[in-house]
Structure formats: structure tokens, C-alpha cells
Amino acid sequence: MRVLESDNPHILSFLRWYQGHQLVIIANFSDAGQTIDLRRLRVEGFAHFFKDLLSGKTISTHGRLELAPYDLLWLKED
């Protein structure tokens, strides 16, 4: 497991890997909506798009993402 830098103190993001599979976890620990700059993931060498395994949505790393209060994302490269 490796913590990934976030520009928001209310958000924890980390990389988890096992047997060649990687998952980026992003969690909002605030009771208010928060934003995170996902371009940082591209700097880390990740793809331009992820699939959130919890919601099924496609997430782009081209800008900022709004997270709902206590939101949780499990992102796999798409």
C-alpha cells in the first residue's frame, strides 16, 4: 500500500496492489463535499480513465473531481 498525495486535507487516497492488480482508493472523510485534482494520478503514471468499481462510473483524470460527503471510490484503470 502507498499513500498518494492529495491537495485536500479531508481526502485520503492510496494505491493498493496485489498479484499485478492495482486499485486506487479515494475517500472523503468530511461531512461536506470536497474536490480533488485527479491530474496528480497521471503524474504518478496512471491512465487517463478509471472505472469506479463501486458505482460503475467512468472517471477522467483530466481535472478536478467533486466528492460527496463521506464519498468512497475504488478506481481501477479502464
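The values are calculated or read from the model by the stated rules, or taken from the named source; none is laboratory data. Values in this document were obtained by computation on a predicted structure and should not be read as measured data. Reconstructed Cβ throughout: ideal geometry from the backbone, glycine too, with neighbour counts over all protein chains shown. Only protein heavy atoms, including side chains, enter the accessible area calculation; ligands, DNA and RNA are left aside. Shrake-Rupley method; radii C 1.70, N 1.55, O 1.52, S 1.80 Å.
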Legend entry - Of residues in the stretch 38-76 being small (Gly, Ala, Ser) and out of contact with any helix residue (DSSP H, G or I) (no Cβ under 7 Å at 6 or more places or on another chain), the one farthest from GLN22 (Cα to Cα): ALA68
Inset, instruction - Would you mind telling me which numbered condition in (1) in contact (Cβ under 8 Å) with a residue 24 or more places away in the chain; (2) in a strand (DSSP E or B); (3) charged (D, E, K, R) ASP7 fails? - result: (2)
Legend entry - So LEU65, is it assigned to a strand (DSSP E or B), free of Cβ contacts under 8 Å to residues at least 40 places away in the same chain and not small (Gly, Ala, Ser): yes
Inset, instruction - Name, by its number, the condition in (1) surrounded by 12 or more Cβ atoms within 10 Å (Cβ to Cβ); (2) over 11 Å from the mean Cα position of the chain (by Cα); (3) hydroxyl-bearing (Ser, Thr, Tyr) that does not hold for THR58. - result: (1)
Legend entry - Answer residue from the stretch 1-52, given it is open to solvent by 30 Å² or more (accessible area, probe 1.4 Å) and among the acidic types (Asp, Glu) and is nearest to GLY63 (Cα to Cα) among those: ASP7
Legend entry - Test for ASP31: is it without any contact (Cβ under 8 Å) to a residue 60 or more places away in the chain and in contact with a Gly (Cβ under 8 Å, 6 or more places away or on another chain): no
